[in-house]
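The values are calculated or read from the model by the stated rules, or taken from the named source; none is laboratory data. From a predicted model like this one, the values you see are computed outputs, not experimental measurements. FYI the Cβ positions are ideal-geometry reconstructions off the backbone, even for glycines, and counts take in every protein chain you see. Note: accessible area is taken over every heavy atom of the protein model, side chains too, but ligands, DNA and RNA are not part of it. Shrake-Rupley method; radii C 1.70, N 1.55, O 1.52, S 1.80 Å.
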Amino acid sequence: MRRERRELSNWGHYPTIKAEIGYPRSVKEVRSEVLRHDRLIARGNGRCYGDAALAPQVLSTLCLNQIRSFDARQGIVEAEAGVLLADLLDVIVPAGWFFHVTPGTRFITIGGAIACDVHGKNHPHKGCFSNWLLDFELMRADGSILRCSRQENSDLFWQTCGGMGWTGIILSARFQLMRISSVFLRQRTLKVSSVEALIEAFENHRSWPYAVAWVDGLARGKQLGRSVLLLAEHIEEEQPSALAFPKRYALNMPFYAPHFLLNPAIIWAYNQLYFARARNGEHRIDLEQCFYPLDRIRNWNRLYGRRGLVQYQFGLPEASCVAGFRRALELLHRSGEAPFLCVVKRHGDRPPEAIHSFPERGYSLALDFPRTRTLPALVRQLDDLVWQLGGKVYLAKDACSAPRMGRLQPQAFAADKFWSLLRERVQQ
Ligand SMILES: Cc1cc2nc3c(=O)[nH]c(=O)nc-3n(C[C@H](O)[C@H](O)[C@H](O)COP(=O)(O)OP(=O)(O)OC[C@H]3O[C@@H](n4cnc5c(N)ncnc54)[C@H](O)[C@@H]3O)c2cc1C
């Protein structure tokens, strides 16, 4: 089995750790790895932002990458944990299927999708990845393998969905896909001038399956929270033509930008341009443009420089989101920190069993900050605000919020074999 020792980080490039990484190719090798170490953590493609998939001992699933079966009539896939959504798209789209739930990048593994119970732009309509999960195989600390579903080992099923890898190693999973008859979607763009107008626009367009808003994080005064809301729905073709997942030429960011590139002045100018260029109206876009626009620039995280980026994604209940988002934006203006990307999503109800899933009824705001020395002070203020308003932070993105902010139930994770820097931080 291949093994390497190197400096490791996730998508945010912060924090980093010197890790020994094993790449098992079979269940037997996974077991020997699990039994060999007192503590280790599973790792997919490292697309979480903070400290979740980091530990001194890491088990990478990237060599467990077989699609075991694909039932093209029922739209059911069985795949090993290290299979990427990107690889599945090449198989399922030509057969007329897509994911019910997908995050904003296709370069994540099935294991990562389950362990963070990822959500997309359609949470009120389709829930999280776990909503479409039929079952999975999980290796426990003693090397035994359990099949988990809503009927079988159901407690473990729900502890694992959103459980950040702390229940064991997901080996493979089966899940349900969604029928599509076209690779195109109708997108409507709506420009709004404030936080209040944004939430009102989300509420008035609840019937659209997909909704996400780009927010100008630096706009102040009367324009505080001015945004561009993007709504989308699949186009249905009566006579479906041959489908293929559209892929554009991918740009690459070959080196780390100097850390001062994304400074407040540049971000301000970019936001002015983005807002001015956005036009109200409708047009046709394809699956890649709708779901994975960031994937077009490989290694875009290097734009933030070697210091990396911190994403702070927090959710608030419906009743407090307008005041909460206003206050959060005011806090960040006062702090002098400038987020390059600000995104708002609406979330629906969380199934009661999905105890660790991040989305709950309300809205979330994700802020991508270049990591500066002064950022932790702002994070502390945001933590206090979010906590007081009954909100929480998404652990898949988190790198430095206070331990309480994930609102996890640590008693659910008895075995401490599966241990990460994140677990160390939140279970202090
Ligand atoms: C550009 C971008 C956009 C994103 N957009 C969204 C979004 O819209 N919605 C959203 O929810 N998330 C989003 N994310 C976050 C990302 O989808 C999740 O963090 C996802 O879990 C990453 O999957 P991964 O395979 O890279 O897992 P990793 O990052 O390697 O690991 C993530 C967690 O899963 C655990 N894990 C991984 N594999 C296994 C396994 N086999 N068994 C047990 N535990 C395992 C790890 O221990 C870790 O805790 C985005 C990330 C990026 C970079």
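Tabulated values for the structure
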item: Residue within region 110-119 that is of a type in the set (D, E, K, R), near the ligand (Cβ under 8 Å from one of its atoms), touching a helix residue (DSSP H, G or I) at 6+ places or on another chain (Cβ under 8 Å) and part of a loop (DSSP other than H, G, I, E, B) present; result: yes
item: Number of the condition not met by GLU200 [criteria: (1) within 27 Å of GLN289 (Cα to Cα); (2) surrounded by 20 or more Cβ atoms within 10 Å (Cβ to Cβ)]; result: (2)
item: Pair list, Cβ under 8 Å, 6 or more apart: region 110-139 residue assigned by TED's automatic domain parsing to the domain that holds VAL212 and modelled with pLDDT of 95 or more, other residue more than 9 Å from the ligand (Cβ to nearest atom) and not in a helix (DSSP H, G or I); result: none
item: Filtered residues of region 167-186 (kept if part of a strand (DSSP E or B) and either touching a helix residue (DSSP H, G or I) at 6+ places or on another chain (Cβ under 7 Å) or small (Gly, Ala, Ser) (or both)); result: ILE169, ILE170, LEU171, SER172, ALA173, PHE175, GLN176, LEU177, LEU185
item: Subset of region 136-148 [in contact with an Asp or Glu (Cβ under 7 Å, 6 or more places away or on another chain), open to solvent by 10 Å² or more (accessible area, probe 1.4 Å) and within 27 Å of ALA72 (Cα to Cα)]; result: ARG147
item: Residue satisfying all of: in region 166-188; out of contact with any Phe, Trp or Tyr (no Cβ under 6 Å at 6 or more places or on another chain) and open to solvent by 10 Å² or more (accessible area, probe 1.4 Å); nearest to SER69 (Cα to Cα) among these; result: ARG174
item: Scope region 123-164; condition within 11 Å of the ligand (Cβ to nearest atom) and not aromatic (Phe, Trp, Tyr); matching residues; result: HIS123, CYS128, GLU137, LEU138, MET139, THR160, CYS161, GLY162, GLY163, MET164
item: Candidates SER364, SER401 - the one that is open to solvent by less than 10 Å² (accessible area, probe 1.4 Å), within 19 Å of CYS116 (Cβ to Cβ) and part of a loop (DSSP other than H, G, I, E, B); result: SER401
item: Number of the exception - THR167 against (1) near the ligand (Cβ under 9 Å from one of its atoms); (2) farther than 26 Å from LEU40 by Cα; (3) of a type in the set (Ser, Thr, Tyr); result: (2)
item: Those strands (runs of 3 or more DSSP E) lying entirely in region 1-56 with at least 2 residues within 20 Å of SER144 (Cα to Cα); result: 16-23, 41-43
